[in-house]
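The values are calculated or read from the model by the stated rules, or taken from the named source; none is laboratory data. As the structure is a computational prediction, the values presented were derived from the model and not from experiment. For neighbour counting, all protein chains shown are included, and Cβ atoms are generated from backbone atoms with ideal geometry for every residue, glycine included.
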Amino acid sequence: MRKSYLLTLVLSIFFSTIKGQDSSAPILKQLESKSEQYGNIAQEIWNLAEMGYQEEKSSALLQKTLSDAGFKITKGVAGIPTAFIAEYGSGTPIIAIMGEYDALPGLSQEAVSEKKSAGKASGHACGHHLFGTASAAAAIASKDWLATNKEQGTIRFYGTPAEEGGSGKVFMVREGLFNDVDIALHWHPSSQNTASAGAALANKSAKFRFYGVSAHAAGSPEKGRSALDGVEAMNTMVNMMREHIPQEARIHYVITDGGKAPNVVPDFAEVYYYARHNTRDVVIDIFDRMVKAAEGAALGTGTTMDYEMIGGTHELLPNLTLQKLMHDNLSKIGGIEYSAEEKIFADKIAQSLGQEKADLAMAKNVQPYRTEARAYGSTDVGDVSFTVPTVGMGAATWVPGTPAHSWQAVAAGGTSIGNKGMMVAAKTLTLTAIELFGNNTLVSEAKKEFQEKRGADFKYIPLLGDRAPALDYRN
Ligand SMILES: [Zn+2]
Ligand SMILES: [Zn+2]
């Protein structure tokens, strides 16, 4: 009696351990067989290159893909026409996979190895066409696993617009759309395969607008007050301020309107600022000092000033329980091999970046696991990571050495290199979701770590305040 009980126990532990692996193999195979289909979707979005909050066709294409696969779609969430949630399954755990699909202004580039504009207003220089597509592919594969194995759980795809400066996810978090999620997954295009616990900087961004008085710049300058003077005085003060802020901080700006003609004193000028640091309290302090500089600039130049908050994100809260899982899964999947044709392309791209040839081992291998990887970008995933346990990874979709937001990133993203790298992410996310669906203990451990790190008295306060989504910020 006792013997048979022990045998049953041992067998049940054995089968539950191999269940995840066994059952994921056919799902990954099926996912691989759809590589071409997903590649075509990604390239369609690459071609569209729609900017933040204007991603109507890109969003619709991903919605259709998910809806055709049996997901229930809720669109236009959080007051954003291009945001949506696709859901399949029932009960817990609820696993969310985030997908982005916005392009960047400028950076128009053909899918060739020399700098050549495609003549558009924008380009996918951050690879979000791959991001959205691979995440949708992973959501569909996770759904296939739930359906095939008749497992309980809910898989959701979050279509999150305007990551580049629009803070789309912040509005979705503020709306409470992530509140019932157990674990959130994401990834990002990169020039290497990595799933280390990386940082991201909190940020606040705003457009400062100065209003002056127009007059003939030579005939009656004394009657004018230059709005551009306001912008320049503000910039001078903020640039002086750089010496007196924590050195890890980042401040950058572009003058989005500086007047139209030198012989007209400009009555309007605008400067668009970002402030970043790895803790949001420092960002809030720097931003408040920038506002003071703007007020002082207006006072000194006889102009008036107002500002509009555009974006604001939390830093990333890493979850090591989940990160290790993601790293192990990425290591199982591995990186990509370039074809002969891709190697020629990659070497030319590498040469344009000042390297002799492309370091293809970087695309093939997975970077060693680190618990404190450094990064200086920002992401609105930060706000999600302070709402639910969140984990991400990077896949080599760009030629090794390529920086994000470069023409080289747009170029590789428009080729089979981008498509191949994207599938590494799709498979890793799928494996991770499957493992989480099959392992409640893991989900609980991740939640426990999340609660401890976030702190008992944490209260979510969006850095961009109560403003509505800046749907026209790219107009
Ligand atoms: Zn970016
Ligand atoms: Zn990005």
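Which one of these is at pLDDT 95 or above, of a type in the set (D, E, K, R), within 16 Å of ligand 1 (Cβ to nearest atom) and in the same structural domain as residue 186 (by TED's automatic domain parsing): 380, 328, 359? Steps first, please.
Numbers: 328 fails: within 16 Å of ligand 1 (Cβ to nearest atom); 359 fails: within 16 Å of ligand 1 (Cβ to nearest atom).
That would be 380, the only listed residue that is at pLDDT 95 or above, of a type in the set (D, E, K, R), within 16 Å of ligand 1 (Cβ to nearest atom) and in the same structural domain as residue 186 (by TED's automatic domain parsing).
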Here are some residues: 298, 396, 350, 375. Which one is at pLDDT 95 or above, of a type outside the set (Asp, Glu) and under 30 Å from residue 464 (Cα atoms)?
-> 298
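Considering each of 113, 167, 142 in turn, give the residue that is within 16 Å of ligand 1 (Cβ to nearest atom), among the polar types (S, T, N, Q) and in contact (Cβ under 8 Å) with a residue 12 or more places away in the chain.
Working: 113 fails: within 16 Å of ligand 1 (Cβ to nearest atom); 142 fails: within 16 Å of ligand 1 (Cβ to nearest atom).
Being within 16 Å of ligand 1 (Cβ to nearest atom), among the polar types (S, T, N, Q) and in contact (Cβ under 8 Å) with a residue 12 or more places away in the chain holds for just one of 113, 167, 142, which is 167.
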Matching residues in the range 256-286 - criterion: being within 25 Å of the chain's Cα centre (by Cα), β-branched (Val, Ile, Thr) and either within 12 Å of residue 230 (Cβ to Cβ) or crowded, with 19+ Cβ neighbours inside 10 Å (or both) | 271, 282, 283, 286
Working carefully through the options 252, 186, find the one that is free of Cβ contacts under 8 Å to residues at least 60 places away in the same chain, touching a strand residue (DSSP E or B) at 6+ places or on another chain (Cβ under 8 Å) and within 16 Å of ligand 1 (Cβ to nearest atom).
-> 252
Scan (1) without any contact (Cβ under 8 Å) to a residue 60 or more places away in the chain; (2) within 13 Å of ligand 2 (Cβ to nearest atom) for the single condition residue 98 breaks and write down its number.
-> (1)
Selected residue (criterion: farthest from residue 183 (Cα to Cα)) from residues of the range 293-335 that are among the acidic types (Asp, Glu) and part of a helix (DSSP H, G or I) = 295
Given (1) surrounded by fewer than 22 Cβ atoms within 10 Å (Cβ to Cβ); (2) outside any loop (DSSP other than H, G, I, E, B); (3) not assigned by TED's automatic domain parsing to the domain that holds residue 392, number of the condition residue 230 does not satisfy | (1)
Can you tell me which residues in the range 72-95 are in contact with a helix residue (DSSP H, G or I) (Cβ under 8 Å, 6 or more places away or on another chain), of a type in the set (A, V, I, L, M, F, W, C) and in contact (Cβ under 8 Å) with a residue 24 or more places away in the chain?
-> 77, 78, 80, 83, 84, 85, 86, 95
